[in-house]
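J.: First, the structure itself, so that you have it in front of you.
Each reported figure results from applying straightforward, stated rules to the coordinates on display, with no laboratory input. Please read all numbers here as calculations on a predicted model, not as lab measurements. Here Cβ is always computed from backbone atoms with ideal geometry, including for glycine, and neighbour counts include all displayed protein chains.
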Amino acid sequence: MSCKNVIVEEKFSELEHFIDELPDKQGDLIAVLHKAQEIFGYLPEEVQLRIADKLDVPSAKVSGVVSFYSFFTMKPRGKHVVNVCTGTACYVRGAEKLLNELNKHFAIKPGETTKDGEFTLDALRCVGACGLAPVMIVDGKVYGRLKPEQVKGILANYR
Amino acid sequence: MSKIASLNELSKLKNKFGPLIQIRQENEKTIITNTDVIDNSFKIHVLACGGTGCQSSESELIVRVFQRELEKRGLANQVKVITTGCFGFCEQGPILKIHPDNVFYIQVSSKDVEEIIDEHLIKGQVVERLLYVEPIHQEKLKTDLPFYNRQLRIALRNCGLIAPEDIREYIALDGYQALGQVLTEHKPEDIIDTIKKSGLRGRGGGGFPTGVKWELTRKSAADQKFIVCNADEGDPGAFMDRSILEGDPHSVLEAMAIAGYVIGASKGYVYIRAEYPLAIKRLQIAIKEAREYGLLGGSILGSEFSFDVELKYGAGAFVCGEETALIHSIEGKRGEPTVKPPFPAENGLWGKPTSVNNVETFANIPPIILKGADWFANIGTEKSKGTKVFALAGKVNNVGLVEVPMGTTLREIIFDIGGGTKENKRFKSAQTGGPSGGCIPAHYLDIPIDYESLASIGSMMGSGGLIVMDEDDCMVNVAKFFLEFTVDESCGRCTACRVGTKRLHEILTKITEGKGTLEDLDKLERLALIIKDTSLCGLGQSAPNPILSTLEYFRDEYLAHILDKKCSAKVCSNLVEYDITDLCCGCTLCARNCPQNCISGSPRNKHVIDNNRCIKCGVCLDNCRFDAVIRK
Amino acid sequence: MTINLTINDMSVTVPEGTTILDAARSVNISIPTLCYLNLHEMKLNNKISSCRVCMVEVEGRRNLAPSCSTPVFEGMVVKTETHRAIEARRTMLELLLSDHPKSCLTCAKNLDCELQKLAAELGIREISFEGEESSYQKDASSFSIVRDPNKCIMCRRCETMCSDVQTVGVYSASGRGFQTVVKPAFDRPLIKTSCTFCGQCLAVCPTGALTEVDHVGKVWRELNNPKKTVIVQTAPAVRVALGELFGADPGTLVTGKMVSALRRLGFDMVFDTDFAADLTIMEEASEFAHRLEHGGRLPILTSCCPGWVKFFEHQFPDLLDIPSSCKSPHEMFGVVAKTFLANKMGLDPKNMVVVSIMPCVAKKYEAARPELGQKPEMPDVDIVITTRELGRMIHEAGIDFNSLPEEDFDRPLGESSGASVIFGTTGGVIEAALRTAYEWLTGETLEKVDFESLRGMEGVKEAVIPINGHNLRIAVAHGLGNARKILESIRAGECQYDAIEIMACPGGCIGGGGQPYHHGNLEILTARAAGLYKEDRSKHIRKSHENPEVLALYDEFLGEPYSEMAHKLLHTSYTARKRL
Ligand SMILES: Cc1cc2nc3c(=O)[nH]c(=O)nc-3n(C[C@H](O)[C@H](O)[C@H](O)COP(=O)(O)O)c2cc1C
Ligand code: SF4
Ligand code: SF4
Ligand code: SF4
Ligand code: SF4
Ligand code: SF4
Ligand code: SF4
Ligand code: SF4
Ligand code: SF4
Ligand code: FES
Ligand code: FES
Ligand code: FES
C-alpha cells in the first residue's frame, strides 16, 4: 500500500468514527457530508460510496443529496478558494465587475480551479458583510469595498 | 456552575450579575444595593463590535491590540474590552463604544488603539477624528447618532450591548426571566393568548400569526413534537437573523424553550447556514452555557419541563428556508418542499407536529412576555405589530441593520436613518423581500411599511432585506439578476418553477441583449403570472415578483430596451456604446489595452473607437486617466 | 366523516381526506394528471405534485390548487374548467414540451405515452416558450432498459417505485433547478448499479424516458436467416395480456391466437414455457423435499424470477445458499431445447435460436448471464422479447390478430399443467410446487388443489399446510420491498417459514415490466390473474408431476428429478454482488 493510501485510510477511519458516534445515522446524512468534506476537502465518488455503505442508504440517495446542495462539491478545490459575493447588496455595488476581473485574471469561470491547482474561483450569496460591498473572500478572509484594480495585488499575497 | 433550581434563584443571579453590565446601561444612577453581587472593579467598558461585518475589517485584531496595550499600561484590571455582536452601523465599522462616556467611534483600526487609550481612556479626551460626522451640518457626534434616533430596538435590544459569549451578561439584562415566569406562573394557553394578543406575526416572510401557529401545533396530538428555529436566511443581501444569533443567541434559545413549553415539545433544532461560522460558534457556546446553568436540558429551573436544542447545518440551498424543505433537509434529504397541507403544525419533522419559527420572531418573544402583550401591540400599525429589522444595503450611505416600528416609511428608513443614496445619486427603487419581493418606485417612498402595504404594491416584507438602487441600476437587469438567482436556487421539483423560471430568465436575457420584441414582453408577463399561480412552493410563487413589479413601475425601461435598444442606466453591455470625447489627449493607453484592437489614433491625437468591433468590455473606460472615454 | 363540497356547481359528498381529484372523478369530472400515480395495492402513492397539470380553482384560495394532492374540506368550492385553470394547465404542458425532444414518431412510447396523449387532448399546437433544452446521454448499457433522460418529465414515479416499492433505490433526483434529472448515482449506466431489471420503473414511466431494450430487429434477422431454426416459447403471463394490445379486455386468454400469430411470423416451432414451468416444479419440489429430508437450509426460496435473483445477489450476498438453485423456466426450456430437442430433431444446437416471449425485461438481462448456457457462445436462450414487442411484431407484419384461428403449441415441449399456468401470478409458483410436494411427501392424492390463501394482491401472504403431521409454513411475497422484509427476518434468524415464493414485480409476472402498460389501472392486473386461474381450472392436468411430456423428458433424457444430469442442465449458482 502506498503512503498516499495510508493517509486516505486514516481519513476514512476518522469519518467512520464520526459516523459511529452519531445517535441517528440516516437523519444525519448532511452532517456526515459536512464532516466528510471537512476531512477530504471534497466529496469524490469513493467517499460518497463509503458513506452510503456506512449509513445503509442507497448511493443514489447520497449523490442526490450532494448534488442538491451547492456547499458540497465533487471536485477537488484549489489550495486557495476565492469567492466573490454575488448577493444583492454586492451586485448593486459592482460585484459583476469583480467577478469579470477574476475570470480574466485566472482565465477560469466560477466553479473552476486553475490548472496549477492553486486557486478555485466561486461565487456565493451574501456573507453578511454587505456594509463592505462588494466583497471578495479568500480562504475565509473578507476583502471589502473592493475595486477591480485591487484584485491583482491582493491575490499576489497568496501566490 | 451548579444548575439554577428556581426562578427565585435566577432573579438572585440577575442581581448578582447586574454590575457586569451596569455601566453600559443608560440609567447608570440605579445603584444595585444587593450585597450578593460579583466583584466588579472595571471602571471603563470598551465595546468592540464582533459582528461579521466588523470582523471582516479586523475588529478581532483591534481587541487583541487593545488588551496588549492595556496590559502594557497596567490598565488591564480597570478597563474591560468586550466583544459584542453587530451594532447595526456596519457601513462605518469597525465600531467601538466607550462606556460610561457613551462615545461611539467609527472606522477604527488597530493603529488607532494606542491613541484611544492614551487620549480618551487616560486623559479623558475624545478622539475627534474617529467620531461620526453628521453629513448635513458636518457636526461631529459622540453619541445620539441620527442612525439610531428613529430606531426602536426590541429584537436587537442586546446586540452591541452585551457579550454574546457570556451568559451572565444576558442574565443580568433580564435574560431567561421570561422563561422562568412562564414555567412557574403560566399555563401554555396563557402564553398562546399573550402572543396572540400581542399581534406578533412571523418575521420569516410569511407573516403568519405566531400565537396561532403555536396553538395549532399545541392542538395536534402526538407523542412527540418539535420546535425548529429557521436560521437559514438565504436572502442574498440580508443579515438580520445572523446578527441576532451572533449578538444575542440566548434570546433565541430562551424563546425556543418557551415555545417548547407552550406546544409540548422537548426538543428544538436550529437550522442554520453552514456559511455562518461565527453565528454557529456563538450558538454553540450559548447552548453549552445554558445547559450548565440549567436553562436547557432536564427539569429547567426546577420545573418538570425539559428542553434541549441541537444545531443542524444547511449546505447552501436557498429553498431550504422554506419550512417543508427545511424539515426535509434536517431529515437528511434533498431540501425539496412538499405541498401544504399538511402543514408542519400537524405533520412536520419526522412526521411529528412541528412549529417552525424565524430567528427574529423568537427574539421578540421574551420582551413580549416580560412587558406584556399590550406594550407590543401598541407599537406598529393596525395589522402589523411591533418592529421589523431591516438589512439596509445597496446604494445607501449607511448600510446596516435597522429596527423600526412597523408603519415607518421607506423614506424615513432610507433617508433619515440610511442617510440617503450614495453620492447623492437619484434614488430609483427600493427592493424589499429579496428574490421574492418587488422593486418599489420613488412615488411609494412614503408608504408606511407593513405586511399588507408592501404586498399591495407588489412587493413583500420578506425576511427584511432592503436594497436601495439608484439611477445607475437598470431595472430590467435587476429583474434578470433576481431570476438568475431563482433559476439557480429552484429545487427543480415542479414544472412551473423548474422550467418556467428558466424561460423567464431567457426572455429577460433576450431583452437585455437588445433582441427582445413586444411579443416577448407579453409572454414574459403572461408566464410570470401563471408561474405565480401554479408553483408548488413559495419560491416559485414569488419568483416572478421582481419581474411583475418592475414591469408595473418601470415598464418604460423594458420598452426602451426593446424598441430603442437603449439601456438608460448603461448597464446592459450590448446596448451601450463606448465613445471618445474631445477630452482625449492621445496618450494611447486605451488603444494599447483594448483586447479587440479596435481603437485607432496616432499619439497626441484624439482616438476613435470602431464600434463594429468593440466588445464593450469597458477596458478603455477604466484605463483612461483623462475621463475621455464615455458610455452612451 | 364525510365532507360536502361543490365541484363545477355539483354537490359532492366524499369521505374526509379525499383529494379534489378523487372527489371530481367520483362524479365523472376528469382532470388531467401526469405525475400523480396511486397504486394502492402496491403501496405506491406518487403524490409529489410536480407536474402541475392538474391545477384547479378553489374559491378563496390565492393560487391554483393541485387537485391530485389537495384534500377537500367542508364547504369547499372547486372549479375545474375555468379559463384560468385551463390556461395554467396548457402552459405547464407547453413548458414541459419546451424541454422535450418532440420525436414522437420514432419514440418507443409513440401512441402509448401519457405526455403525448395529454398534448393531444389539450390540443397543443404550438409551444410559446422555447429555450434551452436539456441534453443528456442516453443509457443503453443494459440488456433490459433504455434510459433517455431527455424525455424525462420529472414525475418521479420511477424513483418512488424503485425506492419505496422495490427498495432498490437505483434512482434519485439529482442536481437542482433546470438541471434536475432523475438518475442513478454518479450517472452510472444501469448495468453498473444494483438495478434488478425488474422493469417496474418503466412500467410506470409515463413517457419514453424509460423503455425496454428493443430486440425485435434481432428476432426478424434470425427469422430471415435460412440457416437458423428459430424456436419460440411463451411465458404464462403473456397469454392473458397480449390481447390487450389488440383491443381485448384485460385478462382475455389469447393462447391459441398467439400461437398462430407466432407461426405466421415465421417461427419454426412454437412451444410453451409452461412446459418448463412444470419441469421447474419437478426440480424445485425435489430440492425442497431433499432439504427437508436431509436437514438442509430452510426456508427455501423460489428462484424463477431473475429480478429477484439479482436483488438478493446485491442486497443479501450473505444468503446465497437459501434460494433454490433451479434455473428459471424459460432458461430450463432453452437448455432442454438445445440438448434434448436438438437431439430428437437432429438439429445442430449452434443453428438453433431460442426466442422467449416474456412479460419481463429482467429476462433479457438474464439470458445474457454467462453461466446460463452450456458454453459462453451458446446461451440457453438467445433472444428475449416482451409481450409489448411481440405485439409490435404482429402489427408490423400486418397480421389481423383478432381474426386468427386458434392453434396449439408444437410438441413435445408444448404440453403443460394448470399448475404451470399460474406461475404467471403471485402465489402461483408456490401453489404449483405444493400440489406436487404434497403428493410426493404424503404419497396421497391432493383433492383440493386450489390454495386460496396464497392468491390475491396482498403483499405478503401465508399459509400453513399440514403434511405428514408436520405443519409446512409457506409464504408468498411479491414486490421487492416485501421480499426485503422477509429476507431481513431470515437474516435476523426470526423467519418461521419453510418455503417462500418471491416475485420481483408486484402481482407477479402479470404485472411484469414487459406487459402492456397499465397506466395506473391495477384492475388490469387482477383481471390478468383471474384469466390465469381460469385457464388453470380448465386444464385436465393440474399438477406438474402429471405432465406426460415432462415425465417423458425425465424418462428419455434427464433421469430422475434432481439427478446429476438435471443438476448440470437445470440448476445454476449465484454470485455475490456489490450494492451500488
Ligand atoms: C423560498 C423561501 C425561502 C424562505 N427562507 C426563509 C428564511 O431564510 N428564513 C426564515 O425564517 N423563513 C424563510 N421562509 C419562510 C418559512 O417558510 C417559514 O414561513 C418561516 O420560517 C416561519 O417562521 P415565522 O412564522 O416565524 O416567520 C422562506 C420561505 C420560502 C418560500
Ligand atoms: S416552486 Fe421551485 S423551489 Fe418550489 S417546489 Fe417548485 S421547483 Fe421547487
Ligand atoms: S470597450 Fe473594450 S473592446 Fe470596446 S473599445 Fe473599449 S477596450 Fe476596446
Ligand atoms: S486613454 Fe483616454 S486620453 Fe488616452 S488615448 Fe485613450 S481616450 Fe485618449
Ligand atoms: S416521450 Fe412521449 S411525447 Fe416524448 S417523444 Fe416519446 S411519445 Fe413523444
Ligand atoms: S401527427 Fe402530424 S406531424 Fe405527426 S406524422 Fe401525423 S401529420 Fe405528421
Ligand atoms: S428495473 Fe427495477 S430495480 Fe431497476 S431501476 Fe427499475 S425499478 Fe429499480
Ligand atoms: S424517468 Fe419517467 S418515471 Fe422517471 S421521472 Fe422521468 S418521466 Fe417520470
Ligand atoms: S416477476 Fe416476472 S416479470 Fe417481474 S421480474 Fe420477475 S420474472 Fe420478470
Ligand atoms: S450581499 Fe455581499 S456581503 Fe451581503
Ligand atoms: S458588524 Fe459591526 S456594526 Fe454591524
Ligand atoms: S398530477 Fe397533480 S401535480 Fe402532477
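J.: How many Cβ atoms of partner chains, on average, are near each residue of B:53-61 if near means within 10 Å of its Cβ?
T.: Per residue, the average neighbour count from other chains is 4.
J.: A further question on this structure: For segment B:576-625, divide the Cα radius of gyration by the Kirkwood radius and give the resulting Rg/Rh value with two decimals.
T.: Rounded to two decimals, Rg over Rh is 0.90.
J.: Same structure, new question: Run through all the Cα pairs of segment C:120-208 and give the fraction in each 10 Å bin from 0, expressed as whole percent.
T.: 16, 48, 25, 11, 0
J.: Debye sum, Cα scatterers, segment B:481-551, no solvent: what log₁₀ I/I(0) at q = 0.18, 0.20 1/Å?
T.: -0.58, -0.71
J.: How large is ³J(HN,Hα) for each residue in segment B:368-377, as worked out from phi by the Karplus curve 6.51 cos²θ - 1.76 cosθ + 1.60 (θ = phi - 60°), to whole Hz, x for Gly and Pro?
T.: Here the 3J(HN,Hα) series is 4, 5, 6, 9, x, 4, 5, 3, 6, 5 Hz.
J.: Right, next: Using DSSP to define loop residues, name the trypsin sites (Lys or Arg not before Pro) in segment A:53-99 whose beta-carbon has at most 15 other beta-carbon atoms within 10 Å.
T.: Sparse-neighbourhood loop trypsin sites (Lys or Arg not before Pro): A:Arg77, A:Lys79.
J.: Which whole number gives the average count of other chain Cβ atoms within 10 Å of the Cβ atoms across peptide B:274-284?
T.: Neighbouring Cβ atoms belonging to other protein chains average 2 per residue here.
J.: What percent does the relative contact order of chain C come to when contacts are Cα pairs within less than 8 Å and at least six residues apart?
T.: Worked out over chain C, it gives 16 percent.
J.: Oh, and also: Can you tell me the relative contact order of segment B:167-377? Whole percent, Cα pairs under 8 Å, sequence separation 6 or more.
T.: 31 percent
J.: Could I ask something else about it? Taking amide H positions as placed in the peptide plane 1.01 Å from N, state which residues far from B:Lys312 in sequence (5 or more) or on other chains have amide H under 5 Å from it.
T.: B:Val270, B:Tyr271, B:Ile272
J.: I want to verify the translational diffusion coefficient of segment B:1-145 in µm²/s; compute it with Stokes-Einstein, Rh as the Kirkwood radius over Cα pairs, at 37 °C and 0.692 mPa s.
T.: Roughly 198 µm²/s, to the nearest whole number.
J.: Here's a follow-up. Using θ = phi - 60° and the Karplus form 6.51 cos²θ - 1.76 cosθ + 1.60, what ³J(HN,Hα) does each residue of segment C:412-427 get, whole Hz, x for Gly and Pro?
T.: x, 10, x, 7, 8, 9, x, 4, 6, 4, 6, 3, x, 10, 4, x
J.: Rounded if a/c is under 1.5, else prolate if a/b beats b/c, else oblate: with a ≥ b ≥ c from the C-alpha gyration tensor eigenvalues square-rooted, which is chain B?
T.: It is oblate, given that a/c is not under 1.5 and a/b is not larger than b/c.
J.: Let me ask you something else. May I ask you to evaluate 6.51 cos²θ - 1.76 cosθ + 1.60, the Karplus curve with θ = phi - 60°, for each residue of segment B:348-361 and list the ³J(HN,Hα) values in order in whole Hz, giving x for glycine and proline?
T.: Listing the rounded values in order: x, 4, 6, x, 9, x, 9, 9, 9, 10, 7, 4, 5, 4 Hz.
J.: For the pair A:Asp139 and B:Asp118, what calculated FRET efficiency results from E = 1/(1 + (r/R0)^6), where r is the Cβ-Cβ distance and R0 = 25 Å, to the nearest 0.05?
T.: After rounding to 0.05, the efficiency reads 0.10.
J.: Same structure again: Straight distance only, please: which lysines reach the Cα of B:Lys187 with their own Cα at less than 26 Å, same-chain residues fewer than 8 apart left out?
T.: Filter leaves B:Lys3, B:Lys12, B:Lys14, B:Lys196, B:Lys197, B:Lys213, B:Lys219, B:Lys225, B:Lys267, B:Lys352, B:Lys371, B:Lys385.
J.: Related question: Identify the GluC sites (Glu not before Pro) of segment C:43-122 meeting these criteria: DSSP loop state and at most 15 other C-beta atoms within 10 Å of the C-beta.
T.: When the GluC sites (Glu not before Pro) of segment C:43-122 are filtered for loop state and at most 15 Cβ neighbours within 10 Å, C:Glu59, C:Glu74, C:Glu81 remain.
J.: Which value at 222 nm does chain C reach when only helices count, each DSSP H run of 4 or more adding -39,500 (n - 2.57), with the total divided by all residues and rounded to the nearest 500 deg cm²/dmol?
T.: After summing the helix terms and dividing by residue count, I get -9000 deg cm²/dmol.
J.: Pull up all non-local amide H partners of B:Lys385: gap of 5 or more, or a different chain, and H-to-H distance under 5 Å with H placed in the peptide plane.
T.: B:Arg201
J.: May I pose another question? For C:Ser128 and B:Arg613, what is the calculated FRET efficiency with R₀ set at 35 Å and r taken between the beta-carbons, to the nearest 0.05?
T.: Calculated transfer efficiency: 0.45.
J.: Right, here's the next one. So which of C:Lys43/C:Lys364; B:Lys515/B:Lys570; C:Lys151/C:Lys192; C:Lys183/C:Lys363; B:Lys288/B:Lys312 end up more than 19 Å apart, counting from Cα to Cα?
T.: C:Lys43/C:Lys364; C:Lys151/C:Lys192; C:Lys183/C:Lys363, as the Cα separations exceed 19 Å there.
J.: Could you check what % of the DSSP bridge pairs in chain B are antiparallel, to the nearest 5?
T.: 55 percent
J.: Looking only at A:Leu146, A:Leu33, A:Leu22, which one moves most when chain A is put into a Gaussian network model with springs between Cα atoms under 10 Å?
T.: Taking springs between Cα atoms under 10 Å, the residue moving most is A:Leu22.
J.: List the relative contact order of chain B as a percent without decimals, with contacts defined as Cα pairs under 8 Å and 6+ residues apart.
T.: 12 percent
J.: Here's another thing I want to ask about it. Pull up the DSSP beta bridges for the protein assembly as shown and report the antiparallel fraction as a percent, rounded to 5.
T.: Of all bridge pairs located within the protein assembly as shown, approximately 55 percent are antiparallel.
J.: Next question, about the same structure. Taking 27 Å as the cut-off for C-alpha to C-alpha distance, list the pairs among B:Lys140/B:Lys395; B:Lys333/B:Lys502; A:Lys152/B:Lys502; A:Lys152/B:Lys616; A:Lys54/A:Lys141; A:Lys97/B:Lys111 that go past it.
T.: Flagged as over cut-off: A:Lys152/B:Lys502; A:Lys54/A:Lys141; A:Lys97/B:Lys111.
J.: So, one more: Note down, for the protein assembly as shown, the three equivalent ellipsoid semi-axes (square root of 5 times each alpha carbon gyration tensor eigenvalue), biggest first, whole angstrom.
T.: 67, 37, 29
J.: Would you list, by chain and number, the aspartates and glutamates whose Cα falls below 18 Å from the Cα of B:Lys123, excluding same-chain residues fewer than 8 positions away?
T.: B:Glu69, B:Glu71, B:Asp101, B:Asp112, B:Glu114, B:Glu115
J.: Within the set of other residues whose C-beta is less than 11 Å from the C-beta of C:His314, count the net charge using Lys and Arg as +1 and Asp and Glu as -1.
T.: +3
J.: Could you tell me the largest-minus-smallest coordinate of the C-alpha atoms of chain C on each of the three principal axes, in descending order and whole angstroms?
T.: 77, 58, 48
J.: Given N residues in segment A:80-156, what is Rg(Cα) / (2.2 N^0.38 Å)?
T.: Taking N as the residue count of segment A:80-156, the ratio is 0.97.
J.: Counting only other chains, and only Cβ atoms inside 10 Å, what mean value do you get across the residues of A:81-89?
T.: Mean number of neighbouring Cβ atoms from other chains: 6.
J.: When DSSP assigns beta bridges and you keep just the ones with both residues in chain A, what percent turn out antiparallel, to the nearest 5?
T.: Given both bridge residues lie in chain A, the antiparallel proportion sits at roughly 55 percent.
J.: Let me ask something else. What is the calculated FRET efficiency for B:Gln78 to B:Asp579, with r their C-beta to C-beta distance and R₀ = 56 Å, to the nearest 0.05?
T.: It comes out at approximately 0.30.
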